[in-house]
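**Student:** Below is one structure. I have some questions about it.
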Amino acid sequence: MDNQFFEQIFCGNTIKQYCIFVVVILLGLLFKRLVSRFFSLALFKIFKKFAEDIRGETFVALLIRPIESFITFCTIYIAINNLTHPLNHVLWHRAKTKAAVTIGDFLDKIFLFLIILSIFWIILRIIDFIAFVLKHKASITNNKADDQLVPFLKELTKTLICFLGFFVLLGFVFEVNVLTLITGLGIGGIAIALAAKESLENLIGSFTIFLDKPFTVGDVVKVDGIEGTIEKVGFRSTWLISPDKTTIVIPNRAMIDGVLENVTLRNYRSVIFPIRINYETDSADNKEIIKAIGDFLTAHPDTKDGYATFDSFGDSALNIQVVYLVNNMDFNKYVRIKEEINFKLIDIVKLYRSDFAYPTQRSITDH
């Protein structure tokens, strides 16, 4: 009786087929997290020696979602393939071979597409983990060049893997003869097909940056008037963090074609500005102010070659030029040193019975 019950047919499938479908789906959904974690930890053993300073949880966190997706797609595929109807329903016939294409064939292609995507997702996450380990190892060395190289190689490798995945999908899912396609296009054709002119120029720019080494990660640079700290160098663009913590993305081509100044390679930041004191200041007090400013800048531990000079007669003020170099290249410290000096200049001017001038106009009345 039991066998007869399970062999009853509803909508083209037996009760046994429906039961298998439900059981497979439930098992897949219930145990996908556990199975994903198991496979992640098993796979981590391959990288354990390479990543001896990294916890396995980091690897699991990266891989658990793509492996879950892979298991989910495989589970649903296996469950659906236990059904007969409506998978055998003909959708259309192939133009060349006249062979029938059923719903089952169409679903096979969809799931093959999703499974291949999930496999390449797993590969990309493994690359992310390898890059994470290399970046950690690079951070404990004194050489900044490897800090710059790791993100670049990560992006380049992931791009190549994406191209490989694209051609795998073309070959296995869409049944395109990839070798014939590549041969027919040629190298120039691929570049045109991918609209890669700018990308190629930026890629060449990235190689130029790595070969010439005009800067490394952490350097403060100015490019055509834009200043920032190098965050990373990718194969297409360079990321800068401006002094106000804004992220600036500049194409690598612009980095090598534009006027680039590596501020970090300078030993000092120069500061030049005028201060304007009123005409009521007598000559002796003016000289004392200039001398006091010069003495203060000379004695300051964070400045070099500082001095002040009586520069010119302004329309409404006596102009004193202040010049000095700041030893510290850190931007925040540089701003603080300037602020400290500016407050001191106010005290010096006030000390010698003078004051800062502001634009004034005097009218002359005829009597």
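The values are calculated or read from the model by the stated rules, or taken from the named source; none is laboratory data. Owing to the predicted nature of the structure, the values given are computational and were not obtained by experimental measurement. With ideal geometry, Cβ positions are generated from the backbone for all residues, glycine too; neighbour counts draw on all protein chains shown. The area values use the complete protein model at the heavy-atom level, side chains included, leaving out ligands, DNA and RNA. Shrake-Rupley method; radii C 1.70, N 1.55, O 1.52, S 1.80 Å.
**Student:** By Kyte-Doolittle mean hydropathy of at least 0.5 and Cα axial length of at least 15 Å, which whole DSSP H helices of the chain are selected?
**Tutor:** 15-47, 56-80, 103-139, 145-172, 178-193
**Student:** Going by Cα centres, region 41-72 and region 134-174 are how many Å apart?
**Tutor:** Here the two parts' Cα centres lie 17 Å apart.
**Student:** Can you compute the FRET efficiency between F207 and E339 using 1/(1 + (r/R0)^6), with r the Cβ-Cβ distance and R0 = 45 Å? Round to the nearest 0.05.
**Tutor:** Calculated value: 0.60.
**Student:** Between F356 and D282, what length comes free when the chain is fully extended (0.36 nm per residue of separation minus the Cα-Cα distance, one decimal in nm)?
**Tutor:** That pair, F356 and D282, stretches by 25.3 nm at full extension.
**Student:** Starting from the Cα of S270, step 7 Å toward the Cβ, then list every residue of region 315-358 with an amide N under 11 Å from that point.
**Tutor:** Within reach of a label on S270: 324-325.
**Student:** On a 29 Å Cα-Cα criterion, which of the cross-link pairs K154/K338; K137/K338; K45/K158; K109/K232; K213/K333; K144/K245 come out too long?
**Tutor:** Where the Cα-Cα span goes over 29 Å, the pairs concerned are K154/K338; K137/K338; K109/K232.
**Student:** Got the relative contact order for region 241-367 handy, in percent, Cα pairs under 8 Å and 6 or more residues apart?
**Tutor:** Over region 241-367, the number comes to 30 percent.
**Student:** Subtract the Cα-Cα distance of H136 and V323 from 0.36 nm times their separation in residues, and report this length gain in nm to one decimal.
**Tutor:** Stretched out fully, the H136 to V323 stretch lengthens by 63.1 nm.
**Student:** If you don't mind, another one. Over the C-alpha atoms of the chain, what are the Rg and the largest Cα-to-Cα span, Dmax, in Å?
**Tutor:** Expressed in Å, the Cα Rg and Dmax of the chain come to 35.3, 131.
**Student:** Okay, next question. Excluding K304 itself, calculate the net charge of residues whose Cβ lies under 13 Å from the Cβ of K304, where each Lys or Arg counts +1 and each Asp or Glu counts -1.
**Tutor:** 0
**Student:** I've got another one for you. Over region 1-160, give the accessible area per residue in Å² for a 1.4 Å probe, as an integer.
**Tutor:** 63 Å²
**Student:** Please report, in Å, the Rg and the Dmax of region 196-257, where both are computed over Cα atoms only.
**Tutor:** 10.9, 34
**Student:** Here's a follow-up. Could you give the length gained on full extension between H85 and K16, defined as 0.36 nm per residue of separation minus the Cα-Cα distance, in nm?
**Tutor:** Net length gain for the segment: 23.5 nm.
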